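The values are calculated or read from the model by the stated rules, or taken from the named source; none is laboratory data. Keep in mind that what you see is a predicted model, and the values were worked out from it rather than measured. For neighbour counting, all protein chains shown are included, and Cβ atoms are generated from backbone atoms with ideal geometry for every residue, glycine included. Ligands, DNA and RNA are excluded from the accessible area calculation, which covers all protein heavy atoms including side chains. Shrake-Rupley method; radii C 1.70, N 1.55, O 1.52, S 1.80 Å.
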Amino acid sequence: MLRIAFYSLLLAGLLGVLGVAGIVWYIVPQLPPVEALREVHLQTPLRVFSRDGRLIAEFGEKRRNPVAIEDVPLVMKQAFLAAEDDRFYYHPGVDWMAIARAMVELVQTREKRQGGSTITMQVARNFFLTPEKTYERKLKEIVLAVVIERELTKDEILELYLNKIFLGHRAYGVGAAAQVYYGRPLGELDLAEVAMIAGLPKAPSRTNPISNPGAAMERRNYVLARMLKLGFIEPADYEVALAAPNTAEWHGQAVEVPAPHVAEMVRDRLLDEYGEIAYTAGYRVTTTVDSRLQDAAEQAVRAALIGYDHRHGYRGVEAHFEPGEIADDGARRAALAAHPMLGGLAAALVVAVGEQSATVWTRDQGELELPWDGLKWARKRLGTDAVGAAPKTAADVVAVGDVVRIRFREPPAADAAEPAPGYWQLEQLPAVEGALVSLDPHDGAIRALVGGFDYDRSKFNRVLQARRQPGSNFKPFIYSAALEKGFTAASFINDAPIVFDEPGLESAWRPENYSGQYYGPTRLREALINSRNLVSIRLLRAIGVDYALEYVARFGFHPDELPRNLSMALGSGEVTPLQLVSGYAVLANGGYRVEPYFIQRIEDGDGEPLFEASPATVCTVCEQVELDDDGEPSDLETLVSMQHLPPQNPAPRVIAAENAWIMNSMMQDVIKFGTGRRARSLGRQDLAGKTGTTNDQKDAWFSGFNANVVTTVWVGFDRVAPLGRRETGAQAALPMWIDFMKVALDGMPEATMERPPGLVTVRIDPDTGLLAGANNPNAIFESFREGHVPPRGDSGSAAMGGSGSDRQGSVMPEQLF
């Protein structure tokens, strides 16, 4: 009998071994190579940073911040072990006792329930297997877990697990979960917060602290109890953590720099270059954007557009609810659900109206008071150029149940004589739009870019996509072309009415100056300072449209996109702000063509470089030495004397240094004496620029620069319409430029363009443009290119075009008048 029992047991054991061997023989060929885990690339989102390392944006379905195991706090490791696998460091990948318990539960309940899975088995499932609950998958999971334990250390396995596990709200891994739920890195979480995260793997949705806080607290407390039982924490720490409230709330991307249009430009470029892998390969993109300047640009655009809105009246509330519909906070929150924060303007419900004040309710701050100073601006808008009477009471502006916009008005500077407190002010979302782009003129690096009032309201990037007429902002390029043709800053052109009645025109064209006045013969410098339209038209006619089209291509404009007629002198062609600022960069850097760029560097998920920008860069010294085929100085002596190596990619010179210097001088006078004089408030002598306004004030521009910063701003409606009387470049756009440049130039020494050789400065008679006599009390200084100095004047002469023996194709007087 014993022999039969012995042989029966032996046979059963043999059958068991053969069974296991059969299962292994069947399962193992289907398993993926475990070696792949050593080179696993976690799906990590694309991240975009400013040049100073601040986060601009993150793209990708999975939020993940991979962390090395040595950077995971011990208490975090212990919490996960307590919640998921307290024997992790002792079993061989499979906890047979836990599996036995699961099998007993299966027999008792006749239901297949997940149970007995170790952390290693979860790694096997998460990396290689499907989440389906079948016996075959479970067998694969067990075998694969054993194999993984042979290939990797325990810490390597735990690191994979803590970075891969899904923890709800698109957070994969503990690094991402810490940011999503608490807005802090792992090392700053307390015990209660750690336990909350450790409780999530079992049911990330059902026990989520945001979606289901009650169940989440129960799960958290379970984890804390397990940690206490296992000796991971002291009883006193347990009691403190157990009493802690649920502080989890959703934290979006920790964006540090408001540059959504730049982020979209990067996303589009990388998607085009690398495809969909750009979203998951952990690429890190460093842009050329300066976070300080980008912040300033965002604020400047919003302030200018809100300022325009104030000048043109209050259009009214966004929505209205009956008082009974907003009786409690829940109803109020629901009422504001369709009105998100836009452009820094919060949505609010009017809940009470006083004589000269109103009380509003906001989602984040509850009830706030709007004083009369925050309401009295809101005269009713009657039309583009008409507003109603000034309100006398708050009821003239708002009523209970209105949905309005508000913002906090900061107090004035601390050095004010009597500083006033800040206050909340009624606002409205501007109907007008705007854009700002700023470059480093030495290499074209985009330092700041704002494509509109708010990206969430309109993703249209007006810097790149809005093709608008630049108006007088285009004139400097025509003037530069004229200088190259032999004209000088002292050349006279007649500022007088002119009529074009030519075949092909529907009606006669009668261009005018903005003021409607005419000033007769005018020096080019004065004409540019005061933006005289008739002078620009006659100047273009003198040098020739075809020549001008060819010449402006040097600044990056496309001749086939510009009008082939005299209206080009008034900026009737359509350009983008980026094209315009690129052209102004040539004037700012002394005559070199640089291409705007916004990506400085791209690194892969391991930090290895995939791309490094090598932009064409201004190199004045490169014109002074002979370079070999590699762009290096041809002799050592020259190399030493240069003090620095030339760039790998020297920018090409496209206009003469003398031309650029004279244009810079003329445009400095635009700010000192002309349409840009409001910029004198910056208190600098190194600024140059030009306003721009189109017919009926449909577009307002200002472009300006010093030697280190060049910036273009634009204001207008997306659907082209008049901005209103007096809404010129100087009124609507220049304040935006000033606000931005105030920050951009802060702490920057004055930087004027170096005067090139080949220029001569002499005294001229301002009435004739000719050399002044020694006793002329009205004489002024003017600079000329050598060979273009005008002759000494007499009573009947005036400077016309080029002068002297080298006229460089200048025209005769009868062509000008």
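Listing for the model above:
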{"read-out": "Any hit, segment 576-593, residues being free of Cβ contacts under 8 Å to residues at least 24 places away in the same chain and not hydrophobic (A, V, I, L, M, F, W, C)", "value": "yes"}
{"read-out": "Condition check for residue 297: assigned to a loop (DSSP other than H, G, I, E, B) and more than 24 Å from residue 60 (Cα to Cα)", "value": "no"}
{"read-out": "Residue in segment 46-85 that is modelled with the lowest pLDDT, counting only those that are within 14 Å of the chain's Cα centre (by Cα) and of a type in the set (Asp, Glu)", "value": "58"}
{"read-out": "Residue in segment 361-384 that is under 30 Å from residue 464 (Cα atoms) and surrounded by fewer than 22 Cβ atoms within 10 Å (Cβ to Cβ) present", "value": "yes"}
{"read-out": "Complete set of residues in segment 168-189 that are at negative phi, crowded, with 23+ Cβ neighbours inside 10 Å and not in a helix (DSSP H, G or I)", "value": "171, 172"}
{"read-out": "Residue satisfying all of: in segment 567-594; polar (S, T, N, Q) and outside any helix (DSSP H, G or I); farthest from residue 480 (Cα to Cα) among these", "value": "576"}
{"read-out": "Looking only at segment 234-281, and only at residues there that are more than 30 Å from residue 191 (Cα to Cα) and among the aromatic types (Phe, Trp, Tyr), the one that is least open to solvent (accessible area, probe 1.4 Å)", "value": "279"}
{"read-out": "Qualifying position, being farther than 21 Å from residue 493 by Cβ and charged (D, E, K, R), among 554, 532, 541", "value": "554"}
{"read-out": "Considering residues of segment 749-765 that are in contact (Cβ under 8 Å) with a residue 12 or more places away in the chain and open to solvent by 50 Å² or more (accessible area, probe 1.4 Å) only, the residue nearest to the chain's Cα centre (by Cα)", "value": "750"}
{"read-out": "Pairs with Cβ under 7 Å, 6+ apart, first in segment 349-366 and without any contact (Cβ under 8 Å) to a residue 40 or more places away in the chain and within 17 Å of residue 391 (Cβ to Cβ), second part of a loop (DSSP other than H, G, I, E, B) and open to solvent by less than 70 Å² (accessible area, probe 1.4 Å)", "value": "355/393; 356/393; 357/371"}
{"read-out": "Filter result (in contact (Cβ under 8 Å) with a residue 60 or more places away in the chain, under 14 Å from residue 743 (Cα atoms) and either among the acidic types (Asp, Glu) or surrounded by fewer than 24 Cβ atoms within 10 Å (Cβ to Cβ) (or both)) within segment 680-708", "value": "682, 684, 708"}
{"read-out": "Residue check for residue 590: on the phi > 0 side of the Ramachandran plot and crowded, with 21+ Cβ neighbours inside 10 Å", "value": "yes"}
{"read-out": "Entirely in segment 203-288, the helices (runs of 4 or more DSSP H) that have 2 or more residues that are within 30 Å of residue 461 (Cβ to Cβ) and among the charged types (D, E, K, R)", "value": "260-274"}
{"read-out": "Test result for residue 564, free of Cβ contacts under 8 Å to residues at least 40 places away in the same chain and not in a helix (DSSP H, G or I)", "value": "yes"}
{"read-out": "Answer from 585, 548 - the residue that is touching a Leu at 6+ places or on another chain (Cβ under 7 Å) and closer than 13 Å to residue 475 by Cβ", "value": "548"}
{"read-out": "Residue 183 vs. criteria closer than 30 Å to residue 344 by Cα and of a type in the set (Gly, Ala, Ser)", "value": "yes"}
{"read-out": "Residue 768 vs. criteria open to solvent by less than 30 Å² (accessible area, probe 1.4 Å), polar (S, T, N, Q) and not in a strand (DSSP E or B)", "value": "yes"}
{"read-out": "Sole exception among (1) open to solvent by less than 30 Å² (accessible area, probe 1.4 Å); (2) at pLDDT 80 or above; (3) out of contact with any Gly (no Cβ under 9 Å at 6 or more places or on another chain) for residue 137, by number", "value": "(2)"}
